[in-house]
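Contents: one structure, followed by commentary.
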Amino acid sequence: MQELAEKVEYSRPIMEYGYVQEAGERYFSVLTSYGGVISERAVSCLVQPEAGDTVLLSVDMSGNAFILSVLKRDVTEGMETDIVFDGPVNVQVKGGDLSLTSDIGMTIAAGEGLSFAGQKISVDADEGAAKISKLEFIGTFLDSQIKKVKHVADTVDTVYRRLTERLVNAVRFVKEEEEVQTGSTRYLVEDTLTMHSKNAVHMAEEIVTINAEQVHLG
């Protein structure tokens with residue numbers, strides 16, 4: 001082990017302040033006290049350096065220079081700070097919660113897929129909008145309380161094993177044709193049942209029964 005340690009030669013780095021003159025995606029032109037150097041952003045430096053930043057560099061005698069951190073930036077209105085990772089990233093919090101807070105807005109965007117997973121998911125907002133070309137929802141129970149619903153669609157297909165509706169008033173407007181196919185149909189009306197049409201046709205293959213105290217035809 002001692003022989004192996006003797007063969008390894010380390011270049012002792014020094015710390016240096018620098019001023020970013022030109023910024024690229026990976027390499028940066030930085031002005032230091034002894035001239036300009038081409039520096040690479042260190043993995044630990046999460047903030048993407050920009051031109052005009054004051055940075056802390058690690059420079060060795062081999063010519064390697066790394067930007068360790070961004071120390072100062074003249075932030076103007078509308079200027080963004082980018083936190084950049086290379087490759088897949090996992091953020092883990094052990095024994096606590098993770099909270100992301102913004103005073104104005106927050107955007108989560110992904111080039112391909114975006115997934116949320118948890119035992120409970122809650123969304124609380126005064127207003128909301130969703131634009132989804134195709135939506136698939138699978139669940140075991142849905143409970144919704146809505147004051148007003150407005151729904152517009154070209155075609156609606158619904159399949160229920162059982163449907164129960166409790167309404168105070170119901171109004172249906174069918175412009176062209178309405179067709180109902182059932183095994184049997186029963187109407188229970190507490191007061192008056194009124195049916196009005198220009199023409200009416202009632203057909204039965206076997207029996208037609210009318211039962212009332214009075215029957216008026218005319």
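For Arg172, the test of being under 30 Å from Ser197 (Cα atoms) and basic (Lys, Arg) is passed.
Just one residue in the set Gly105, Gly118, Gly87, Gly113 is closer than 30 Å to Pro13 by Cβ and assigned to a loop (DSSP other than H, G, I, E, B); that residue is Gly87. Going through segment 26-47 one residue at a time, which ones are of a type outside the set (Gly, Ala, Ser), open to solvent by 20 Å² or more (accessible area, probe 1.4 Å) and touching a residue at least 24 places away in the same chain (Cβ under 8 Å)? Passing the criteria: Val37, Ile38, Glu40, Arg41, Val43, Leu46, Val47.
Residues in segment 160-214 that are open to solvent by less than 100 Å² (accessible area, probe 1.4 Å) and either farther than 30 Å from Leu142 by Cα or of a type in the set (S, T, N, Q) (or both): Thr164, Thr182, Thr185, Val189, Thr192, Ser197, Ala200, Ala204, Ala212.
One residue alone among Asp60, Asp53 is out of contact with any Leu (no Cβ under 9 Å at 6 or more places or on another chain) and not hydroxyl-bearing (Ser, Thr, Tyr), and that residue is Asp60. The selection criterion, being assigned to a strand (DSSP E or B), open to solvent by 30 Å² or more (accessible area, probe 1.4 Å) and touching a Phe, Trp or Tyr at 6+ places or on another chain (Cβ under 8 Å), does not hold for Leu57. Taking residues in segment 169-192 that are touching a residue at least 24 places away in the same chain (Cβ under 8 Å), and partners anywhere that are among the hydroxyl-bearing types (Ser, Thr, Tyr), not one pair has Cβ atoms closer than 8 Å while being at least 6 places apart or on different chains.
Output the number of residues of segment 69-88 satisfying the condition of being open to solvent by 50 Å² or more (accessible area, probe 1.4 Å), aliphatic (A, V, I, L, M) and either more than 24 Å from Ser102 (Cα to Cα) or modelled with pLDDT of 90 or more (or both). Break it down stepwise before answering.
Looking only at segment 69-88, we keep the residues that are open to solvent by 50 Å² or more (accessible area, probe 1.4 Å), and these are 71-72, 74-83, 85-88.
Those still in the list that are aliphatic (A, V, I, L, M) too: 71, 75, 79, 83.
Those still in the list that are either more than 24 Å from Ser102 (Cα to Cα) or modelled with pLDDT of 90 or more (or both) too: 71.
Matching residues across segment 69-88 total 1.
The values are calculated or read from the model by the stated rules, or taken from the named source; none is laboratory data. Keep in mind it's a predicted model, so treat the numbers as computed, not measured. Cβ: placed from backbone, ideal geometry, glycine included. Neighbour counts: every protein chain shown. Accessible surface is based on the protein model in full, side chains and every heavy atom, while ligands, DNA and RNA are left aside. Shrake-Rupley method; radii C 1.70, N 1.55, O 1.52, S 1.80 Å.
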